[in-house]
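Colleague: If you scroll down you'll find the structure; I have some questions about it.
The values are calculated or read from the model by the stated rules, or taken from the named source; none is laboratory data. A quick note: this is a predicted structure, and the numbers were derived from the prediction, not measured. Heads up, the Cβs are rebuilt from the backbone with ideal geometry, glycines too, and the neighbour counts pull from every protein chain shown.
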Amino acid sequence: MYFITSNKNKVEEARKILGDIRWKRMDVPEIQSNTIEEIAKESARYAFSRIKKPLFVEDAGLFMKALAGFPGPYSKYVYNTIGCKGIIKLMRGVQTRDAEFRAAVAYADKRGRIHVFVGRVNGTIATSERGNHGFGFDPIFIPRNKKKTFAQDPEYKAKISHRTKALLKLKAFLEQKVYK
Ligand code: ITT
């Protein structure tokens, strides 16, 4: 099974759950949509039309409560423009710091049928960047009931992250198919 992504960190995280997957980089045009589920689904459809083999893609985002879910599906653009520092600035003085990471994994089976699995993790936005593991917004995301950011505690991230949860659902789905 192929994992279509440009992000090496995602591949490393996914291998811990699914084992031996094949990483394929491909330029997949990302549709504009307000949901990461739709974006992932369309990307999987496109990738399948190109390689015609079982594969999955994953779209993730950071959703902040005080900003009505921003940047959500636009997380990549926001990360590449204002980054973690920009988010910290935006949130300066804001009391409600709740945030959620969401991941939508879209799996295309050998016939090209698409199955979507979603994972979420709640937390808060830190007041400064901390830690040097992981990627993206990890240095500013503190999971619920913890003090360290994802970038400070990659082992914990691996256990409970949005991506882990979505991939575990995919794994269960694949195993159930094998035994049927
Ligand atoms: P793809 O090629 O798989 O699309 P990407 O890096 O473009 O990889 P996404 O569009 O799914 O990833 O993610 C949007 C942004 O959200 C990404 O640029 C990261 O900054 C951030 N992000 C996603 N997952 C994250 C995680 O587990 N920890 C921290 N930041 C994350």
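Each row is one residue, and each column tells you yes or no for (1) in contact with a Phe, Trp or Tyr (Cβ under 7 Å, 6 or more places away or on another chain); (2) closer than 18 Å to G112 by Cβ; (3) not polar (S, T, N, Q).
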| residue | (1), (2), (3) |
| --- | --- |
| L18 | no, no, yes |
| I21 | yes, no, yes |
| Y46 | no, yes, yes |
| A68 | no, no, yes |
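Colleague: Can we say R45 is basic (K, R), surrounded by fewer than 14 Cβ atoms within 10 Å (Cβ to Cβ) and more than 9 Å from the ligand (Cβ to nearest atom)?
Modeller: no
Colleague: So which residues in the range 64-88 are within 11 Å of the ligand (Cβ to nearest atom), in contact with a strand residue (DSSP E or B) (Cβ under 8 Å, 6 or more places away or on another chain) and on the phi > 0 side of the Ramachandran plot?
Modeller: Matches in the range 64-88: G72 only.
Colleague: To continue, here is another question. If you scan the range 122-156, which residues turn out to be of a type outside the set (S, T, N, Q) and touching a residue at least 40 places away in the same chain (Cβ under 8 Å)?
Modeller: The first filter runs over the range 122-156 and keeps only residues of a type outside the set (S, T, N, Q), leaving 123, 125-126, 129-131, 133-144, 146-148, 150-151, 153-156.
Once the filter is applied, which keeps residues that are of a type outside the set (S, T, N, Q) and touching a residue at least 40 places away in the same chain (Cβ under 8 Å), the range 122-156 yields I125, E129, G134, F135, G136, F137, P139, I140, F141.
Colleague: Residues K148, K159: which one is in contact with a strand residue (DSSP E or B) (Cβ under 8 Å, 6 or more places away or on another chain) and basic (K, R)?
Modeller: K148
Colleague: When residues of the range 100-130 are filtered for being more than 11 Å from the ligand (Cβ to nearest atom) and in contact with a Ser or Thr (Cβ under 6 Å, 6 or more places away or on another chain), how many remain?
Modeller: Summing the residues that are more than 11 Å from the ligand (Cβ to nearest atom) and in contact with a Ser or Thr (Cβ under 6 Å, 6 or more places away or on another chain) in the range 100-130 gives 2.
Colleague: Looking at the range 50-65, which of its residues are surrounded by fewer than 18 Cβ atoms within 10 Å (Cβ to Cβ) and without any contact (Cβ under 8 Å) to a residue 40 or more places away in the chain?
Modeller: Correct list: R50, K65.
Colleague: Across the range 2-34, which residue is surrounded by the most Cβ atoms within 10 Å (Cβ to Cβ) among those that are more than 9 Å from the ligand (Cβ to nearest atom) and in contact (Cβ under 8 Å) with a residue 60 or more places away in the chain?
Modeller: Here the residue is A14.
Colleague: Quick one: which of A158, A166, A172 is part of a helix (DSSP H, G or I), modelled with pLDDT of 95 or more, of a type outside the set (S, T, Y) and within 13 Å of R102 (Cβ to Cβ)?
Modeller: Values: A158 fails: within 13 Å of R102 (Cβ to Cβ); A172 fails: within 13 Å of R102 (Cβ to Cβ).
Sole residue among the options that is part of a helix (DSSP H, G or I), modelled with pLDDT of 95 or more, of a type outside the set (S, T, Y) and within 13 Å of R102 (Cβ to Cβ): A166.
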